[in-house]
Structures are given as C-alpha cells and as structure tokens.
Amino acid sequence: MKWLLPLLIASTASCSDETLPLVTECPTEQNYSTAFLNSDFYQGWKTLQHGASPRQNCDMALPYFVTAVNKETAFELSTLYLDFCNDTPDLNALNASSIYQSEKLTHGIDYDEFKWVLDLALCNSPVEQYALGKMLHDGFITDQDTEKGIYFLSLAAHQNHIQAQFALSDALEGINEEVMAALWLNNANSLTGQALVGRTPNSHKLK
C-alpha cells in the first residue's frame, strides 16, 4: 500500500498549517468495496456527516461503531471513531488498534481502510488526519516522515482531536520543541478534564 503515499505527499507538499487541497467529494464511493460501503462503520460515518460539527451526531453514530468493532469489520476505523465520539477512551479497542499502537496486531488495516485514511485526511477530517499523522510519524505501513507526521497531527490537533494533541505533544517533545509540546499537552489535558500536575508527554499512553 505504500505506493499510494507519493500521490498524497505530492499534493500536500505546498500546504500551510491552515490550508488543505480542495476535494470535491469526500469520499468518492466508487473507489471502495461494496462490503466496506455496507459496513456498520460507513453507516456510522454517514450519520456523523449530518451534524453541523464533527461530534454533533456522535450519540446516533456510536452504536454503529460499537457494532463494527464487535463484528471486527472496518475495525481500525471503527475503533478510532469510537474513541473520537466517546468522552473517555475505550481501552480495550485502542489497545487492539494497529494504527493507535503503530504495530500490526490481530486485525491489521485493510486496503479500504488505508485508502480511506488517505482520502479523508485531505478532506480535513480530524480522525483520518490523526491516523495518517501517526502512521507517518511512526513509520507504520508508510515510510517514516517525522515532519509530515507532525503536519497531519497538527491539523487534527487544531480541530480538538484529543489523541492527536497527545501524539503531537509527544512528537514535538521528540524534536526538542518542549514549549510547544507542553502547550499541546496542557490543551489535551484540559479537554479531557485531567490535571496537568504530575503528567509527562508520554504518560497518557494507554496500557
């Protein structure tokens, strides 16, 4: 699947922190398998699209994501959206997520899911921007690219994606940007209602 990356990277090379290439359809349905388009994940995602903000319809979409995780269909995407829509992390799901853990686990990530991440990251969707940023930064499935990883994590973090803010804090700490790392960590802790005292940029990693 690495052959898809040059297409995306070339289109984002000149982007600033505030802009993304315009995509007219997000996604183009004919590019995905029938099974994927009939999945509970896709039904949940479509439910979210009717909201005025990314999380507005989470209550209605959550049952679809829970069902998809339990059925192990589009597991990776369903897990990330389940976490996105939950007030608290779903530890069991995230600990089984290859994308979150940056290593191939039981479910892995299939072609439809990988292509979805690439497509939706360019549609300014925070969940997929987080997923792509994490994969690029950690070198999971893709070649490792710290700069582009931070770029996509930053896009998601600016949309208040909590896991992206934690991951961005870690990534910035890794390149000795301690002040910005602390700011993003503080912001993520504020969003989760957790105190910053006694917390380090890596202490949020789920066990």
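Here are the numbers for the structure shown:
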{"quantity": "Segment Asp143-Glu178, length gained on full extension (0.36 nm per residue, minus Cα span)", "calculated": "10.1 nm"}
{"quantity": "Net dipole in debye of the stretch 65-161 [+1 Lys, Arg Cβ; -1 Asp, Glu Cβ; about Cα centre; nearest 20]", "calculated": "60"}
{"quantity": "Theoretical gain in end-to-end length, Gln43 to Asn186 [0.36 nm per residue, Cα-Cα removed]", "calculated": "48.1 nm"}
{"quantity": "Sites matching trypsin sites (Lys or Arg not before Pro) across the stretch 57-154 that sit in DSSP coil, with at most 10 neighbouring C-beta atoms within 10 Å", "calculated": "none"}
{"quantity": "Violating pairs (Cα-Cα greater than 19 angstrom) within the set Lys46/Lys148; Lys104/Lys134; Lys71/Lys115", "calculated": "Lys46/Lys148; Lys71/Lys115"}
{"quantity": "Cβ-Cβ FRET estimate between Asn95 and Gln30, R0 fixed at 35 Å, reported to 0.05", "calculated": "0.50"}
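Values quoted throughout were computed directly from the atomic coordinates according to the rules given, and no laboratory measurement underlies them. Values in this document were obtained by computation on a predicted structure and should not be read as measured data. Ideal geometry is used to build each Cβ from the backbone, glycine not excepted, and the neighbour counts take in all protein chains shown.
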